[in-house]
Structures are given as structure tokens and as C-alpha cells.
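The values are calculated or read from the model by the stated rules, or taken from the named source; none is laboratory data. Keep in mind the model is a prediction, meaning the values are calculated, not measured. Note that we place each Cβ from the backbone using ideal geometry, even for glycine, and neighbour counts take in every protein chain shown.
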Amino acid sequence: MFLCAPVYFLMVSRVHKRFVTLVYMTILGLVFLIMGNWYLLPYYIIVGIICEAILWRDGWESKKKMTAAWSVASLLYNGVNLLPIWFFWDTYEAFALSSGMEQSYIDSFVHYYTSAGWLAFIILFTMLGGFLGSLVGGKLVNKHFKKSGSPVMRRGNFAIPVKLWALACTIIGISLTADTVLTCVLTVTGFAYLGAQRNWRLLRSMAVFYALLGILLYLIRFHDFHPAVFSEFYVLMFWTLTPVFLVSWDLITTPPGELASFLSRIHTPTPVILGLLVMFRFFPTMKSELRECLALHAQPGIDRAAQLVSHPAASCEYVFVPLLLRCLQIADQLSVSAVARGAERPGKRGSYYGKRADVCDSIWLALWTVVTAVFLVVGGVRI
């Protein structure tokens with residue numbers, strides 16, 4: 001909650017409208033819904049409504065109101081662990097055991113949330129983290145942020161319907177499966193899917209990430225290894241969501257013109273198209289700009305390790321602030337570019353992009369359908 005606070009402050013202050021927090025919390029709830037924790041979606045919507053009530057009267061202009069909203073959100077974040085233990089224990093225990101967690105690990109985890117002392121410490125710690133993050137976020141926003149520009153995106157090979165169907169199949173698969181370990185089937189299919197598009201850079205980086213997750217999962221399951229930084233739950237979460245990361249990143253990095261062309265053909269409203277394009281370009285932008293910010297610190301004469309140890313707060317600020325600053329400039333340039341190209345013009349619009357589904361696209365549509373169906377039949381469906 002400490003690290004997310006600066007991004008939250010920037011998001012609320014820049015959008016300058018209501019319901020930003022509600023949308024943010026709803027997205028978090030949808031992530032947990034995909035993981036099988038359906039009850040957390042309405043919970044996060046309620047959290048978002050509470051925060052919106054705090055920010056209702058021009059809260060985006062008040063640092064105190066944003067601090068209060070994020071501190072309350074940090075406090076209520078504990079519901080992620082408390083709700084299953086207090087109200088949905090049978091569902092949570094069945095999910096944990098089916099995911100391969102040992103009963104002793106589950107008991108030790110529950111102990112922290114049923115002991116009054118530990119519970120008070122956890123609640124105070126998360127709320128304090130959110131509050132301190134709010135102070136840092138408010139200071140960074142007030143000190144640095146102005147407007148800015150946008151990167152060139154990678155061109156995809158498959159048609160947009162194929163990419164959307166691949167994303168739908170992976171979400172359906174991991175949402176309904178009763179065996180989270182078998183999600184490796186969807187992940188391998190995702191790797192082949194990227195290879196078919198010759199997206200080798202994303203394939204290599206995700207393969208290394210997935211291999212590390214596999215090693216951690218093996219050590220936890222068979223060698224009683226319990227890492228201090230994160231628990232088996234988070235390893236399983238990333239292991240399960242990897243196929244979604246693969247296909248969603250491929251969709252996000254689709255050329256905006258190609259995506260806009262497809263959405264226009266199915267008569268999607270223009271505001272929705274523009275919103276999706278800006279949202280899809282956010283993550284690739286963050287990646288490319290982070291690489292540039294880190295490259296600046298790799299210049300001769302700058303000892304990054306020594307500077308990080310001696311001045312950790314300043315080192316993080318020197319990377320984090322330019323990164324968010326560049327993303328703001330990119331967002332504004334993208335908006336101006338869209339208007340200059342006639343995005344707000346009423347009536348039917350043509351497009352430079354006209355990629356239609358071909359035989360290869362049809363094959364991958366069928367392949368994703370078959371793989372997902374077989375995966376659910378073999379692994380079982382969670383009801």
C-alpha cells in the first residue's frame with residue numbers, strides 16, 4: 001500500500017473527476033474474481049464507494065481527503081484475508097487445499113489473523129503503510145508533476161478477434177479450473193502463441209519469470225521451503241495468472257490503430273475506444289520509460305549500488321519521479337494526437353488498418369478453444 005500510494009495520488013489528481021477510486025477498486029475485485037474469490041468483488045466495490053464518499057466534494061484537490069481515502073483503503077485491504085477466514089472459511093480452505101497448500105501452513109497463516117495481538121499489528125501496519133505512502137505520494141505530486149508524451153508500439157501478427165478470444169479462454173480456464181498447477185497447459189499454449197507471432201522478447205522474459213516461479217513452487221512443495229518475502233499463496237497466484245499475463249500483454253501492445261479499427265467495425269462508441277487505447281498503452285509506456293530512467297543511472301561516474309545504500313529514498317525518487325513525469329507527457333501527447341486525427345469527428349470513419357482474419361487466425365481460434373476445453377475436462381471444473 002505504501003508503494004501504490006504515489007500512483008494513486010497521481011491518478012486521482014490528474015483525472016480530476018469522480019469515480020476514479022471506484023474503478024480502481026473494481027479492477028482489483030475483478031482480479032480476485034478471476035482467482036476464484038468471488039466475494040471480494042462486491043467487497044472492493046464497497047471499499048471504492050466508501051473512498052468516493054470521502055473524496056466526493058472536490059477531493060482530488062485536497063491532499064487531506066486523498067490521504068484519508070487511501071488510508072481507509074489500506075485499512076480495509078485487510079478484508080482480503082479476514083473475509084475468507086471469518087465468513088467463507090469452507091470455501092477458502094477447500095481452495096487452499098486444492099491448490100496444494102499443506103494444512104500446517106494454512107493453520108499457521110490463520111493463526112496470525114485470529115490472534116488479537118497479531119491482528120492489531122497487521123491492521124495498524126497496513127494502515128500506517130498507506131498513510132506514509134500518502135505523505136510521500138502527495139509530496140511527489142506537488143513537487144514534480146507536469147504533462148507529457150507517447151511511445152511507438154509493437155505491431156502484432158494475429159487479428160484482434162483472435163487476441164480477444166485467447167484472453168477470454170485463459171480467463172475462463174483459470175477461473176473454472178479445480179487444479180491450479182495444471183494451468184501450465186494454458187501457459188505453454190500461450191508461449192506457443194507468442195512464438196507464432198515471433199514475439200521473442202516477451203516470450204524470453206516471461207519464460208524466465210515462469211521458470212523462477214516453477215523452481216519456487218517445487219522448493220515449497222517438496223523441500224519445505226518458506227520464503228520470507230512472499231508466501232506460497234503469491235507464488236501460486238502468479239503461477240496461475242501467467243497465461244493471462246502472456247495474452248493480455250500481447251493484446252495491450254497491439255498497434256492502437258489496428259485495435260481502434262476493429263472496435264470501430266463493431267460500432268463501439270468513440271469515448272470507449274479512446275479510453276481503451278489510453279489504458280492499453282499505459283503498461284508498455286511504463287516499461288519503456290522505466291528502461292530509459294534506469295539507463296540514466298547507468299552513466300559513468302554514478303555508482304548506483306552505493307547511492308541506493310546511502311540514499312535509498314532519494315534514489316527511488318530519482319527513478320520514480322521521471323518515470324511518472326514521462327507517462328504524463330505521453331498521455332497528453334496521445335490525447336492531442338487522437339484529436340488531430342479526427343477521433344472526435346462524428347459519423348463513420350475509415351482506417352489505415354484493415355487486417356482481417358486469415359487461415360492462421362482461424363487455426364489459433366480453434367486451438368485455443370480445444371486446449372481450454374481439454375484443460376477443463378482433464379483438470380476438472382470448480383463449482
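Looking only at the range 201-211, decide whether some residue is of a type in the set (Phe, Trp, Tyr) and within 21 Å of the chain's Cα centre (by Cα).
yes
Return yes when residue 307 is of a type outside the set (Lys, Arg) and modelled with pLDDT under 70 and no when it is not.
Yes; evaluated as a whole, the condition is true for this residue.
Residues 212, 186: which one is in the same structural domain as residue 375 (by TED's automatic domain parsing), in contact with a helix residue (DSSP H, G or I) (Cβ under 6 Å, 6 or more places away or on another chain) and of a type outside the set (Phe, Trp, Tyr)?
Being in the same structural domain as residue 375 (by TED's automatic domain parsing), in contact with a helix residue (DSSP H, G or I) (Cβ under 6 Å, 6 or more places away or on another chain) and of a type outside the set (Phe, Trp, Tyr) holds for just one of 212, 186, which is 186.
I need the full set of residues from the range 25-72 which are among the small types (Gly, Ala, Ser), in a helix (DSSP H, G or I) and either buried (at least 18 other Cβ atoms within 10 Å of the Cβ) or in the same structural domain as residue 168 (by TED's automatic domain parsing) (or both), in order please.
Of everything in the range 25-72, those that are among the small types (Gly, Ala, Ser), in a helix (DSSP H, G or I) and either buried (at least 18 other Cβ atoms within 10 Å of the Cβ) or in the same structural domain as residue 168 (by TED's automatic domain parsing) (or both) turn out to be 29, 48, 59, 69, 71.
Working only within the range 83-128, note down all residues that are within 25 Å of residue 54 (Cα to Cα) and either crowded, with 16+ Cβ neighbours inside 10 Å or in contact (Cβ under 8 Å) with a residue 40 or more places away in the chain (or both).
Those that are within 25 Å of residue 54 (Cα to Cα) and either crowded, with 16+ Cβ neighbours inside 10 Å or in contact (Cβ under 8 Å) with a residue 40 or more places away in the chain (or both): 83, 122, 123, 126, 127.
If you go through the range 264-271 one residue at a time, do you hit one that is surrounded by 12 or more Cβ atoms within 10 Å (Cβ to Cβ), modelled with pLDDT of 65 or more and under 25 Å from the mean Cα position of the chain (by Cα)?
yes
Within the range 130-158, which residues are outside any helix (DSSP H, G or I) and either in contact with a Lys or Arg (Cβ under 6 Å, 6 or more places away or on another chain) or at pLDDT 80 or above (or both)?
First, pick out the residues of the range 130-158 that are outside any helix (DSSP H, G or I): 145-158.
Once the filter is applied, which keeps residues that are outside any helix (DSSP H, G or I) and either in contact with a Lys or Arg (Cβ under 6 Å, 6 or more places away or on another chain) or at pLDDT 80 or above (or both), the range 130-158 yields 148, 158.
Would you point out the residue of the range 333-383, among those that are more than 30 Å from residue 173 (Cα to Cα) and among the β-branched types (Val, Ile, Thr), that is modelled with the lowest pLDDT? If you could, list the steps in order and put the result at the bottom.
Pass one, the range 333-383, residues more than 30 Å from residue 173 (Cα to Cα): 333-354.
Still in the list and also among the β-branched types (Val, Ile, Thr): 336, 339.
Working: 336: 76, 339: 71.
Here the residue is 339.
I'd like to know if the range 57-65 contains one or more residues that are within 30 Å of residue 98 (Cα to Cα) and not polar (S, T, N, Q).
Looking through the range 57-65, none of the residues is within 30 Å of residue 98 (Cα to Cα) and not polar (S, T, N, Q).
Which residues, taken from the range 229-247, are under 28 Å from residue 110 (Cα atoms), of a type outside the set (S, T, N, Q) and surrounded by 19 or more Cβ atoms within 10 Å (Cβ to Cβ)?
Across the range 229-247, the qualifying residues are 232, 235, 236, 239, 241.
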